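> Just passing along the structure, written as structure tokens.
The values are calculated or read from the model by the stated rules, or taken from the named source; none is laboratory data. In this text the structure is predicted, and so the values were computed from the model without any measurement. Here the Cβ is made from the backbone with ideal geometry for all residues, glycine too, and neighbour counts use every protein chain on show.
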Amino acid sequence: MHIRIILSLFSSLFYTGISMAQVLIDGDVYIAPNVEVGIFSPELIFRNGIVDSSEENAGRLSFLPNAHGLAAHNDSHAEATVVSHEHPDFVFPVGDKGVYQPMRISSGDTDNLAVAFKLEPHLNTAPSLDINQITDRFYWTVEGSKQAQMTLSWNLFSELNTLTDELAALVMIGYTGTEWEVIPSVIEPFTLEGNNPTSLTAGAISSIDRVDFSRFEAVTLGNILLETELRVSEGITPNGDGINDIWYIKNIDRYPEARIWVFNRWGAEVFHQPGNYTNTWDATYKNNTKKLPSAPYYYRIDQDNDGTIDLDGWIYITY
């Protein structure tokens, strides 16, 4: 059972700032086993030093309602378990081994959530049916029954390039205690701090829906196999009813340099796209306003623009 200490403005472990609503971390802090340090002040500013605890019977850094940790960075963050009390929105200022890698929750309920970050492989990195590979660099432990949207971050130390070379293949995953499963998610356009565009070097990914944390012991990142094969629609019915009005080529966006030709039965070219086809051709003759007649048409696709035809066949235009 953890012993709770409520830490407000006056503490021998922290220095108070100019504002009476702030407390500063200004030096390393150790939380003894089974001790829970409660942050009451609205703003705990990480300026210098690590808040740490032993692995066994680890102490906890708890943020009471309306208290938040701010300005954490590699040289100053919590390497102990951080507890969010009743926050609908909260950034866990967690890290490990001198690396700051936060996790954020938003639109949450009022339940508590405890989070710790580990810069090491999880004990189970065996992929499941839907997951191709699991990172062996980091994970977060989670404990609680909270439901909230979740955002995970990565940085240069995460070595995400060992996991994937395409952001589109990146997925958020949760460990149920027996296996990992995919948590539906989207890549954020910017890093969690919002300073730079997301890339393989640094970025963020957010769950689409609220996560039920009671289902998971840990969360991290994995990758999935992306479908890259071109799949060509064999028919166009450009009659304006909104159904098959355009020629759709699945996964063509993965081949921006692809060259596409379409010919009539006599070998005359009726359509040519030298690159960046965006699934917009509506059976007009050479992209003017005149519609082609109902008939079969022969197509050829050089998906890498290397002079080799990778795909050819027939499409049918009907009205």
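> Restricting the search to the range 188-233, which residues are assigned to a strand (DSSP E or B) and of a type in the set (Val, Ile, Thr)?
Correct list: 205, 211, 219, 220, 232.
> If you don't mind, another one. How many residues does the range 262-288 hold that are of a type in the set (D, E, K, R), loosely packed, with under 12 Cβ neighbours inside 10 Å and either assigned to a loop (DSSP other than H, G, I, E, B) or in contact (Cβ under 8 Å) with a residue 60 or more places away in the chain (or both)?
Qualifying residue count for the region: 1.
Per-residue answers, yes or no, for (1) crowded, with 22+ Cβ neighbours inside 10 Å; (2) touching an Asp or Glu at 6+ places or on another chain (Cβ under 7 Å):
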site: 85; (1), (2): no, no
site: 98; (1), (2): no, no
site: 103; (1), (2): yes, no
site: 117; (1), (2): yes, yes
site: 132; (1), (2): no, no
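> Going through 155, 161 one at a time, which residue ends up being loosely packed, with under 15 Cβ neighbours inside 10 Å and within 23 Å of residue 194 (Cβ to Cβ)? So that I can check it myself, show each step before the final result.
On the way: 155 fails: loosely packed, with under 15 Cβ neighbours inside 10 Å.
The match here is 161.
> If we keep just the residues of the range 172-210 that are exposed (fewer than 11 other Cβ atoms within 10 Å of the Cβ) and of a type in the set (S, T, N, Q), which is farthest from residue 115 (Cα to Cα)?
195
> Checking the structure you have, find out if any residue of the range 7-21 is surrounded by fewer than 17 Cβ atoms within 10 Å (Cβ to Cβ) and at pLDDT 85 or above.
no
> Still on this structure, I have one more. List the pairs whose first member sits in the range 229-247 and is free of Cβ contacts under 8 Å to residues at least 60 places away in the same chain, whose second member is acidic (Asp, Glu), and whose Cβ atoms are under 9 Å apart, counting only residues at least 6 apart or on separate chains?
The qualifying pairs are 245/282; 246/282.
> Does the range 57-93 hold any residues that are assigned to a strand (DSSP E or B), among the aliphatic types (A, V, I, L, M) and either within 11 Å of residue 44 (Cβ to Cβ) or touching a residue at least 60 places away in the same chain (Cβ under 8 Å) (or both), and which are they?
Filtering the range 57-93 down to residues assigned to a strand (DSSP E or B) leaves 60-63, 68-70, 73, 76, 78, 81-84, 90-92.
Keeping just the survivors that are among the aliphatic types (A, V, I, L, M) gives 61, 70, 78, 82-83, 91.
Listed by number, the residues that qualify are 61, 70, 78, 82, 91.
> While we're looking at this one, here's another question. Evaluate the range 253-261: report whether one residue or more is at positive phi and out of contact with any Gly (no Cβ under 9 Å at 6 or more places or on another chain).
No, because not a single residue in the range 253-261 is at positive phi and out of contact with any Gly (no Cβ under 9 Å at 6 or more places or on another chain).
> Consider residue 259 carefully, then state whether it is surrounded by 13 or more Cβ atoms within 10 Å (Cβ to Cβ) and among the basic types (Lys, Arg).
Yes; evaluated as a whole, the condition is true for this residue.
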